[in-house]
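Peer 1: I have a structure I would like to understand better, so I am pasting it below and will then ask my questions one at a time.
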Amino acid sequence: MAKKKEKNTAKEETVQVVEGDVEEEETHDDNSPEAYVLTGDYRADYTEICKRSDLSIIPLKLRATSPASSGTEVPEGAPTTFVTKDKYCYLKPSIEIESDDENKDSIKSFHIKGWKVSPQLLNALSLAAPQSLNTISLWRCGLTQEGLIVIVGMLTKLPIRNLLLDGNPQCAGEYYVLLSEECNLSTLSLRSNKMRCEHMKQLGAALAGNKSLTNLSLHNNNIGDVGAIHLAKGLRMNRTLLTLNLSANELSDSGTQAISEVLTSLNLSHDEIVARRKLISENKTSVTNDEPPTTPGGRSKERPGSNSRTGSHTALDKKGKGGASGKGKKQDKMDKTRYQGRPEI
């Protein structure tokens, strides 16, 4: 009996310990960055999420094009064409932001240049990002596959239209995920990413089904003629892309010819004709579902409402057709003779 009591007490202790762990986890979830409710002030939200994620806070700086817009004080009497700053100011990591025109506490874009960005920091930026964000620029930031997954998540939940990932060759073979149906990008820049021909196969296949991208820049990569042929196959089914930049690549005449043939005259293959007819039939069915069904003659299939005068109307129609039959034939003959051309002399 004593042994059984000891076992029961041991089980009760383990249950209490497990319940205590669950309570600790629940309290920890309340302080997690995912549980934070945004206030609308991007600076405050970003700072709080970084604290909850145990990340060092990278300062946010307003992106300025002139000294007047940057908010720096210029001493009187000094020339206004330049502004003096700290010696190592440009070497310190910072995130340049552009504030929204309607709401100054919100932002419409952020730009990171020249320092490595961790996936945890990208996650913090994603959690604090407002609905007004439409542009992301990451230039030589050492983007990894984990960071790319975070960016794809941002594209699915935010109306981001412009994405610039120049100088990030670590994900050269994974950028095709940015052209999925969930992402509604209109501008995508992948310059200087060391992308090769084998990477263009998946990118071209994703480009064929994309319906939002209008500008694509592949400047300064390692794309050859085979890669251009893969892109040409994707462009055959794409109807939204307006600008394609392939400058500073390894293209020859055969690669440029493959691209130019798609842009000029296009002869559809059998599979492409079948796909085109399928799309046309789907569009027709979607239109006809909204309209009442009609007969081949164009009349509605719906029966007219019952009326006591229906019989009299039909009788008059028959009488009119029978009585006017002879007159109609004479009128047709007169019309024929009237519109006949003059005989040749």
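Peer 1: Within segment 259-274, can you find the residues that are open to solvent by less than 70 Å² (accessible area, probe 1.4 Å) and of a type in the set (D, E, K, R)?
Peer 2: Scanning segment 259-274 gives a single hit, Glu272.
Peer 1: Here's a follow-up. Test Ala172 against the stated conditions and say whether it is closer than 27 Å to Ile229 by Cα, in contact with a Leu (Cβ under 6 Å, 6 or more places away or on another chain) and of a type in the set (A, V, I, L, M, F, W, C).
Peer 2: no
Peer 1: If you go through segment 180-193 one residue at a time, do you hit one that is modelled with pLDDT of 95 or more, open to solvent by 40 Å² or more (accessible area, probe 1.4 Å), among the hydrophobic types (A, V, I, L, M, F, W, C) and closer than 21 Å to Asn134 by Cα?
Peer 2: no
Peer 1: Condition first: in contact (Cβ under 8 Å) with a residue 60 or more places away in the chain and in contact with a helix residue (DSSP H, G or I) (Cβ under 7 Å, 6 or more places away or on another chain). Now tell me which residues in segment 89-124 satisfy that.
Peer 2: Residues satisfying the conditions are Asp105, Ser106, Ile107, Asn123, Ala124.
Peer 1: Among the residues of segment 137-157, are any within 18 Å of Leu62 (Cα to Cα), open to solvent by 10 Å² or more (accessible area, probe 1.4 Å) and either modelled with pLDDT under 95 or not small (Gly, Ala, Ser) (or both)?
Peer 2: Yes, that holds for at least one residue.
Peer 1: Of the residues Glu24, Glu48, which single one is modelled with pLDDT of 80 or more and among the acidic types (Asp, Glu)?
Peer 2: Residue meeting the stated conditions: Glu48.
Peer 1: May I ask you to verify whether Ser217 is under 29 Å from Glu272 (Cβ atoms), surrounded by fewer than 16 Cβ atoms within 10 Å (Cβ to Cβ) and touching a residue at least 12 places away in the same chain (Cβ under 8 Å)?
Peer 2: no
Peer 1: Does Lys201 satisfy being in a loop (DSSP other than H, G, I, E, B), open to solvent by 30 Å² or more (accessible area, probe 1.4 Å) and of a type outside the set (S, T, N, Q)?
Peer 2: In short, no.
Peer 1: Here's something else I'd like to know. Is it the case that some residue within segment 168-177 is in contact (Cβ under 8 Å) with a residue 40 or more places away in the chain and within 19 Å of the chain's Cα centre (by Cα)?
Peer 2: There is no residue in segment 168-177 that is in contact (Cβ under 8 Å) with a residue 40 or more places away in the chain and within 19 Å of the chain's Cα centre (by Cα).
Peer 1: Of the residues in segment 158-178, how many are in a helix (DSSP H, G or I) and open to solvent by 20 Å² or more (accessible area, probe 1.4 Å)?
Peer 2: 4
Peer 1: Of the residues that sit in segment 235-258 and are open to solvent by less than 50 Å² (accessible area, probe 1.4 Å), hydrophobic (A, V, I, L, M, F, W, C) and over 17 Å from the mean Cα position of the chain (by Cα), which one is nearest to Lys194 (Cα to Cα)?
Peer 2: Filtering first and then ranking leaves Leu246.
Peer 1: Moving to a separate point now. Just to be sure I understand, how many residues within segment 138-196 are of a type in the set (Phe, Trp, Tyr) and farther than 16 Å from Ser109 by Cα?
Peer 2: Summing the residues that are of a type in the set (Phe, Trp, Tyr) and farther than 16 Å from Ser109 by Cα in segment 138-196 gives 2.
The values are calculated or read from the model by the stated rules, or taken from the named source; none is laboratory data. Please read these numbers as outputs of a predicted model, since none were measured by experiment. Backbone-built Cβ (ideal geometry, glycine too); neighbour counts: all protein chains shown. Ligands, DNA and RNA are stripped out before the accessible areas are found, and what is left, the full protein with its side chains, is counted by its heavy atoms. Shrake-Rupley method; radii C 1.70, N 1.55, O 1.52, S 1.80 Å.
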